[in-house]
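Here the structure is laid out as structure tokens; the discussion comes afterwards.
A short reminder: the numbers here are calculations on the coordinates, not readings from a lab. Worth saying up front: this structure is predicted, and the values here are computed from it rather than measured. All Cβ positions, even for glycine, are placed from backbone atoms using ideal geometry, and neighbour counts span all protein chains on display.
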Amino acid sequence: MSDNDGKKTLGLRGGPRSGQVKQSFSHGRTKNVVVETKRKRVVVPKPGGAATPAQKTDGAKPSAGDPSKRPAGISDAELERRMKALAAAKARETEEAEQRAAEERAREEERERRRAEAEAKEREEREREEALKRKAEEEAKAAEAAAKAKAAAEAPPPPAADAAAAPRAAKPAAAPRKTTEREDRERQRQQKGRDDGGRRAGKLTLNQALSGGEGGRQRSLAAMKRKQERARQKAMGGAVEREKVVRTVQLPEAIVVSELANRMSERVADVVKALMQNGIMATQNQTIDQDTAELIIEEFGHRVQRVSDADVEQVIDTVEDSDADLEPRPPVITVMGHVDHGKTSLLDAIRNAKVVAGEAGGITQHIGAYQVEQGGKLLTFLDTPGHAAFTSMRARGAQVTDIVVLVVAADDAVMPQTVEAINHAKAAKVPMIVAINKIDRPDANPDKVRTDLLQHEVIVEKMSGEVQDVEVSAINGTGLEDLLEAISLQAEILELKANPNRAAQGAVIEAQLDVGRGPVATVLVQNGTLRQGDIFVVGEQWGKVRAMENDKGERVKEAGPSVPVEVLGLNGTPEAGDVLNVVETEAQAREIAEYRANAAKEKRAAAGAATTLEQLMAKAKEDENVAELPILVKADVQGSAEAIVQAMEKIGNDEVRVRVLHSGVGAITETDVGLAEASGAPVFGFNVRANASARNTANQKGVEIRYYSVIYDLVDDVKAAASGLLSAEVRENFIGYAEIREVFKVSGVGKVAGCLVTEGVARRSAGVRLLRDDVVIHEGTLKTLKRFKDEVAEVQSGQECGMAFENYDDIRQGDVIEIFTREEVERTLE
Ligand code: GDP
């Protein structure tokens with residue numbers, strides 16, 4: 001059967017009449033079908049046996065009335081009867097054909113009508129669809145209707161053609177005629193089945209199952225698709241309408257974008273978009289800082305809960321000491337005051353040992369602490385004059401100072417830095433003692449100082465206030481005893497106590513990378529006792545106390561509260577203000593240090609984005625162009641780095657600000673240059689140099705590296721750059737480098753360096769610096785420059801020579817000599 005389209009015919013194994021057939025479709029779907037076997041209708045042309053011969057022709061080959069081809073053994077009467085039957089059949093055939101044609105016409109008309117109806121409906125629906133656009137469901141229906149109409153239009157024509165051809169084809173024999181008849185009936189049934197398919201859905205005839213089944217299946221598939229589509233749309237539409245779930249989002253100090261989205265249960269793409277709308281271009285794997293994340297969380301309508309994921313730090317002993325365990329401890333004193341009012345001199349006078357004079361720029365670069373005895377009690381002085389270190393340490397959470405000694409020169413008055421010092425002491429809630437210095441000076445006027453101080457709400461005892469005031473002279477020692485007594489008295493009032501019998505906790509006063517000894521930190525023990533062999537974590541570093549030295553340079557095995565010691569055995573250089581904690585195991589120490597280092601790194605990385613945000617917001621808000629000059633600072637010691645950063649942060653006006661991207665101790669490395677390049681920042685080296693690879697990278701990438709040995713020069717330069725001032729500038733040109741290969745002792749001359757000029761030229765008249773591990777050890781001039789035995793003016797690159805410094809001979813093999821000239825150049829806008 002053509003309708004079968006090559007499909008396997010369903011067989012009736014159960015029985016000839018009726019039963020159930022299991023239909024298998026694709027995708028493993030099956031369907032039980034009730035099968036109704038219709039018995040063949042026997043066509044009876046005339047009442048009487050006529051049908052039998054007609055049926056019998058089935059078996060006999062059609063003879064088509066030709067007597068010659070007549071089968072043998074048939075009588076004339078028989079033949080006549082047969083011919084009659086044939087004629088009758090023919091007549092009936094024609095009749096039936098006419099009837100069929102009429103039926104066909106009627107059906108055709110019906111189809112036409114329905115098609116028109118469907119088309120009208122479709123058109124109408126299309127119009128509605130265009131009006132509403134999003135009615136996908138409607139469209140599906142329309143499409144279905146269209147498909148139905150099309151199917152109805154397409155399927156019947158072949159039968160029509162068949163029907164037309166049938167009478168002629170059927171003429172020679174009854175068999176083909178019967179086939180067409182059956183086909184016709186089937187088609188009619190099919191047609192009917194389709195027309196009122198809904199009514200008969202549950203009951204299928206075999207033929208319907210064969211041919212109509214496919215159509216039914218298609219329809220149900222489409223219906224399923226529509227259903228799915230509807231469900232999907234409902235789900236999507238529902239999400240928008242769904243009431244928003246407000247979540248409490250735990251927010252650490254820095255968070256990866258995807259994790260933030262996760263915690264808010266929002267889509268990552270939405271979060272990235274929200275960030276973008278806030279001017280932050282971040283990918284889902286990027287880290288953003290707490291403030292930015294908070295903004296985003298609020299934007300999404302969730303609650304923020306800031307948390308610290310510093311769980312690893314919990315191994316640090318934070319148990320409060322009970323009163324019974326506490327013992328008195330010495331006070332820790334910081335000397336503050338305006339520049340040149342005599343802080344250093346006073347500290348020196350107290351220590352009774354003069355610091356070697358001649359520090360660059362007058363700023364104390366090497367800081368530490370010392371203890372003195374007063375009336376059988378100890379006093380700890382921080383050897384860090386100025387408030388830079390004081391504030392930077394406080395900023396790091398290390399409040400080490402118990403008493404501030406405010407130095408004011410009697411021959412001067414209260415100056416800007418005096419006021420700053422007063423403010424810092426007040427902010428830190430640290431009691432003050434006023435030391436009116438230079439009392440030996442003929443023009444000294446201590447009472448003026450006292451009255452000046454009143455303006456800043458410092459009422460000294462002589463003015464009936466509570467602040468002790470002592471007149472001193474750092475130069476001839478007048479009043480020093482009184483000052484120390486005043487300090488002791490103040491300490492007694494404070495009743496300072498600590499528990500020496502616990503794991504030590506301290507603060508880094510100063511740290512540096514020492515040539516030969518490795519990283520060294522001066523630690524002021526604040527609580528507990530630090531012992532040799534103790535394992536500790538300090539800031540982002542950790543270590544094991546290898547050795548300790550006290551302020552007198554003596555080896556000690558332990559250090560109790562308020563005792564400053566130099567600690568050896570660190571794995572890296574910590575920063576001033578870092579807190580030291582003794583922990584039990586090396587693994588713990590390492591874990592905490594790593595955690596802190598990562599956290600700091602993430603914070604630094606996130607800070608960049610935050611600044612961008614701030615900048616953008618500031619710009620958007622004020623429409624004012626506040627430019628920033630980003631800088632990197634590397635210095636020889638922590639004290640210098642801190643001092644520079646403090647000074648830098650003060651520079652700036654309404655048009656420009658200085659932002660220190662990074663500051664650190666030691667040579668300028670490739671990492672520094674990389675950071676500088678990324679931010680378009682210059683690198684300032686204070687008494688340090690870039691190492692070879694950093695120098696090459698800087699040259700390639702065009703990163704500006706500037707070297708300084710006097711803080712004020714650096715500050716002035718940055719100030720000038722910031723304000724765009726044009727003035728003459730002294731610029732240094734490095735004309736050559738030489739490496740010390742050997743050191744000789746020459747009687748009468750001292751130490752002479754046997755060198756190889758590795759770069760440029762060594763010039764006798766030029767300035768020289770001695771570099772050890774890229775840190776400037778000495779700056780001065782040459783005493784001699786010799787090529788073999790002769791004194792020469794210049795030695796070219798690749799040649800060996802002998803060099804000796806004027807007034808300096810701490811030279812070592814491996815040191816590098818930098819040869820430079822100075823010239824004055826017109827400053828240009830940067
Ligand atoms: P700092 O900048 O506050 O540390 O001040 P210094 O300690 O460097 O002192 C600045 C200058 O003042 C130095 O030249 C000292 O010699 C001088 N000086 C400090 N104290 C006294 C003092 O008590 N009497 C006199 N006559 N000069 C002093």
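Couple of notes before you dig in:
- For Ala547 and His456, a Förster radius of 60 Å and the Cβ-Cβ distance give a FRET efficiency of 0.85, rounded to the nearest 0.05.
- With the simple model of a label 7 Å out from the Cα in the direction of the Cβ, Lys601 to Arg126 spans 6.4 nm.
- Sorted on the mean count of surrounding Cβ atoms within 10 Å across their residues, most packed first, peptides 105-115, 733-743, 575-585, 277-287 read 575-585, 733-743, 277-287, 105-115.
- Take the Cβ atoms of Glu649 and Met224, set R0 to 56 Å, and the FRET efficiency comes out at 0.25.
- Sequence of His424, His456, His338 once ranked by neighbouring C-beta atoms within 10 Å, starting from the fewest: His456, His424, His338
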